[in-house]
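What follows is a single structure, written as structure tokens, with notes after it.
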Amino acid sequence: MAFVTEKHLDDSKYAYRLAPTVKKFTLKDTTFIQTKVGNFEFNRLLEEVPNSGNGFLLKIIVAPDLSGFKMSITDKSGLRAVNIFKNASDIIQEKFYFQMNALVDRGVFVEVKI
């Protein structure tokens, strides 16, 4: 999957764009971890029951030069893409939007209504 400047997950109400004002230290402050290659990676398990270990994995990778990003939601193993807006409960969807709203509030992403 290539880095993109805007991503819309299937059946989501919003698309997300990397904010033009995003800074590397902001990514680190919002728990992105810098990999050996230089990418900034964010992994969060979206669970219906907290601390159960059962849920879907939200993964966001930002390019080292902050020019683009990748975003996906997969099963827990990270191998199969999942559409949480069709196949998951409302709680999982709310947790996704909550997580993305936190990143929008911190200036990492810009939310675009579809």
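The values are calculated or read from the model by the stated rules, or taken from the named source; none is laboratory data. All figures in this text were calculated on a predicted structure; none of them were measured in a lab. With ideal geometry, Cβ positions are generated from the backbone for all residues, glycine too; neighbour counts draw on all protein chains shown.
With respect to (1) more than 18 Å from PHE32 (Cα to Cα); (2) of a type in the set (A, V, I, L, M); (3) loosely packed, with under 15 Cβ neighbours inside 10 Å, the lone exception for ALA102 is condition (1).
The residues of the range 71-105 that are of a type in the set (Phe, Trp, Tyr) and either at pLDDT 95 or above or within 19 Å of THR30 (Cα to Cα) (or both), listed by number, are PHE96, TYR97, PHE98.
Scan the range 29-54 for residues that are among the basic types (Lys, Arg) and more than 14 Å from ALA102 (Cα to Cα) and the total you get is 1.
With respect to the stated conditions, VAL22 fails to be over 15 Å from VAL108 (Cβ atoms), assigned to a loop (DSSP other than H, G, I, E, B) and not small (Gly, Ala, Ser). Residues that are under 17 Å from VAL110 (Cα atoms) and more than 12 Å from the chain's Cα centre (by Cα) within the range 28-74 comprise ALA63, LEU66, SER67, GLY68, listed in sequence order.
Taking first residues from the range 86-101 that are acidic (Asp, Glu) and partners that are at pLDDT 95 or above, no Cβ contact under 8 Å between residues at least 6 apart in sequence or on separate chains turns up. Go through the range 24-61 and give me each residue that's charged (D, E, K, R) and in contact (Cβ under 8 Å) with a residue 60 or more places away in the chain. Selection gives ASP29 alone.
If only residues of the range 36-57 that are in contact with a Pro (Cβ under 9 Å, 6 or more places away or on another chain) and in a loop (DSSP other than H, G, I, E, B) are counted, the one that is surrounded by the most Cβ atoms within 10 Å (Cβ to Cβ) is ASN39.
Go through the range 79-114 and count every residue that is under 15 Å from TYR14 (Cα atoms) and among the polar types (S, T, N, Q). Result for the range 79-114: 4.
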